[in-house]
1. Taking the residues in the range 40-89 that are part of a helix (DSSP H, G or I) and polar (S, T, N, Q) as candidates, determine which candidate is surrounded by the most Cβ atoms within 10 Å (Cβ to Cβ).
2. Looking for whichever is touching a His at 6+ places or on another chain (Cβ under 9 Å), closer than 30 Å to Thr52 by Cβ and not aliphatic (A, V, I, L, M) here; the options are Ser144, Ser148, Ser210. Which one fits?
3. If the requirement is being over 26 Å from the mean Cα position of the chain (by Cα), assigned by TED's automatic domain parsing to the domain that holds Glu82 and in contact (Cβ under 8 Å) with a residue 40 or more places away in the chain, which of these qualifies: Leu107, Leu179?
4. Val154 is checked against (1) in a loop (DSSP other than H, G, I, E, B); (2) outside the structural domain of Lys60 (by TED's automatic domain parsing) and fails just one. What number does that condition carry?
5. Go through the range 199-228 and give me each residue that's loosely packed, with under 15 Cβ neighbours inside 10 Å and either of a type in the set (D, E, K, R) or touching a Pro at 6+ places or on another chain (Cβ under 7 Å) (or both).
6. Looking only at the range 157-172, filter to residues that are loosely packed, with under 15 Cβ neighbours inside 10 Å and in a helix (DSSP H, G or I); which one of those is modelled with the highest pLDDT?
7. So which residues in the range 116-131 are buried (at least 19 other Cβ atoms within 10 Å of the Cβ) and either in a loop (DSSP other than H, G, I, E, B) or at pLDDT below 95 (or both)?
8. On the basis of being under 23 Å from the mean Cα position of the chain (by Cα), part of a loop (DSSP other than H, G, I, E, B) and either closer than 20 Å to Asn58 by Cβ or not assigned by TED's automatic domain parsing to the domain that holds Thr52 (or both), does Gly212 make the cut?
Amino acid sequence: MKPQINSSTKVQLLMFVWRMSLHHIFQLIAKGEGETLDFKKTISSASKIAKTLAAFSNHKGGTLLVGVNDNGTISGVRSEDEKYMLELAGAFFCKPEVKIDWVEWELGDKTIIEAIIQEGTNKPYHAKDEDGKWWVHIRVKDKSLLASKIVVDVLKRTTQQKNTLIKYSKHEEGLLHYLGQNEKITLKQTCKLLNISKWRAQRMLINLVSSGVIRNHTTEKEEYFTLS
């Protein structure tokens, strides 16, 4: 026999669910922007927001809160306009297409959109800029940065699930010996250290990153590599 729930109990259950839901959204805002969370006051450009969508897809996925200022205060949005811009960005300004799930939150007289982007299964994801050019972006801390050729190739190998067999030559051994004594190295430094071309250094670094021997680090100023 099914348990009978009176109207008063139903209201209490609904209120509990509602409070837990609000707790979730306020927890996200309190967490602040980071690798998997970004705030947008509004979405004025499909090409600009596509960078964030692609970067999340190339990373671990992420959540976009639209209607929230950078400092965490709530400004609210017109939900239909923002959802249209998100759909436009994901479908026409991202390649492959980025699918978005969303939840609308009503906080008093203001609306927030929680847009959820899953980690992509067909990396690398490209975003089209205002000039019609396609670029790969990755998520680094709270920013979406342009990916290097090395990062793009590593993402391709991730999708293709290729096993990387490394044949250690004097170049690989020289690089690993250097990193054993120094904190980091850049592509330019690698070329100089081993006296090899940029193309050859890139191929070696891609192999070592793909196999997990070294790690690449992207910043706004430079890309560098460390031992894993």
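1. Ser57
2. Exactly one of Ser144, Ser148, Ser210 is touching a His at 6+ places or on another chain (Cβ under 9 Å), closer than 30 Å to Thr52 by Cβ and not aliphatic (A, V, I, L, M), namely Ser144.
3. Values: Leu179 fails: assigned by TED's automatic domain parsing to the domain that holds Glu82.
After ruling out the rest, the residue left standing is Leu107.
4. (1)
5. Arg200, Arg203, Arg215, Glu220, Lys221, Glu222
6. Checked the range 157-172; the qualifying residue modelled with the highest pLDDT is Lys170.
7. Gly120, Lys123, Pro124, Tyr125
8. Considered against the rule, which asks whether it is under 23 Å from the mean Cα position of the chain (by Cα), part of a loop (DSSP other than H, G, I, E, B) and either closer than 20 Å to Asn58 by Cβ or not assigned by TED's automatic domain parsing to the domain that holds Thr52 (or both), Gly212 comes out as yes.
The values are calculated or read from the model by the stated rules, or taken from the named source; none is laboratory data. It should be emphasised that the depicted structure is a prediction, and the values quoted were computed from it without experimental measurement. Ideal geometry is used to build each Cβ from the backbone, glycine not excepted, and the neighbour counts take in all protein chains shown.
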